[in-house]
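Every number here is computed from the coordinates shown, using simple stated rules; none is lab data. On a predicted model such as this, the values are computed, not experimentally measured, just so you know. Methodologically, a virtual Cβ is constructed for each residue, glycine included, from the backbone with ideal geometry; neighbour enumeration extends over all protein chains shown.
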Amino acid sequence: MEINYNDMYSNYLMCKNCNRKTQGPEDYKNTKTGKVTKTCAKCRSCVLRSLAKRPQTKPPTIKQQIDIMKRALRTFDEETLKSLYDIQPKLKFILSD
Ligand SMILES: [Zn+2]
């Protein structure tokens, strides 16, 4: 009997991308949205794995880190800042602008 590929595809029994046999719509569901995608879970396995590994938020850039630290340091009272300047005199330049 001839295999009807269009039926296989529309019933999610074969992946359009890799032509591997699949178990139905469950194999095509996007893990985040739950929507049925065009490619099977095996096709997306690398993507899914790297998504799982990637931290949810990007770490701030050095510039952003400095801005955050500046803002935090400016909340310190004069006395604390003075004692910090004693330890790190160059801190004055960072906080002067
Ligand atoms: Zn596939």
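Which FRET efficiency value, to the nearest 0.05, is calculated for Lys90 and Gln64 with the Förster distance at 22 angstrom and r the Cβ-Cβ distance? The partial results should precede the final answer.
Numbers: r = 20 Å, r/R0 = 0.93.
About 0.60, to the nearest 0.05.
Which entries of Lys58/Lys92; Lys70/Lys90; Lys21/Lys53; Lys16/Lys42; Lys32/Lys63 show an alpha-carbon separation above 21 angstrom in the structure shown?
Pairs exceeding 21 Å: Lys58/Lys92; Lys21/Lys53; Lys32/Lys63.
Quickly work out the Arg20-to-Thr39 label distance, labels modelled 7 Å from Cα along the C-beta direction, and quote it in nm with one decimal.
For the pair Thr39/Arg20, the computed spacing is 1.2 nm.
Towards the positive end of the charge dipole of the chain, with charges on Cβ (+1 Lys, Arg; -1 Asp, Glu), say which of Met69, Leu51, Ile87 has the farthest Cα.
Going by the charge dipole, the pick is Leu51.
Between beta-carbons, use under 15 Å as the cut-off and find the net charge around Ile3, counting Lys and Arg +1, Asp and Glu -1.
+1
Hey, what angle do you get for helix 41-53 against the long axis of the chain, alpha-carbon based, 0 to 90 degrees rounded to 10?
The angle comes out at about 10 degrees.
Report the local net charge at Gln64: Lys and Arg +1, Asp and Glu -1, summed over other residues whose C-beta lies under 15 Å from its C-beta.
Spelling it out: positives minus negatives among the neighbours equals +3.
Per-residue counts of other Cβ atoms within 10 Å, averaged by peptide: what ranking do you get for 47-58, 14-25, 29-40, highest first? Could the numbers behind the result be given before it?
Numbers: 47-58: 8.7, 14-25: 14.2, 29-40: 12.1.
The densest-packed peptide leads the list: 14-25, 29-40, 47-58.
Once the piece of chain linking Asn11 and Ser50 is laid out straight, how much longer is it, given 0.36 nm per residue of separation minus the C-alpha distance between them?
Numbers: separation 39, 0.36 × 39 = 14.04 nm, distance 2.83 nm.
Gain on stretching Asn11 to Ser50: 11.2 nm.
Measure nothing but the geometry: give the 0 to 90° angle between the long axis through the Cα atoms of 78-87 and the longest principal axis through the Cα atoms of the chain, rounded to 10°.
Its long axis makes an angle of about 90 degrees.
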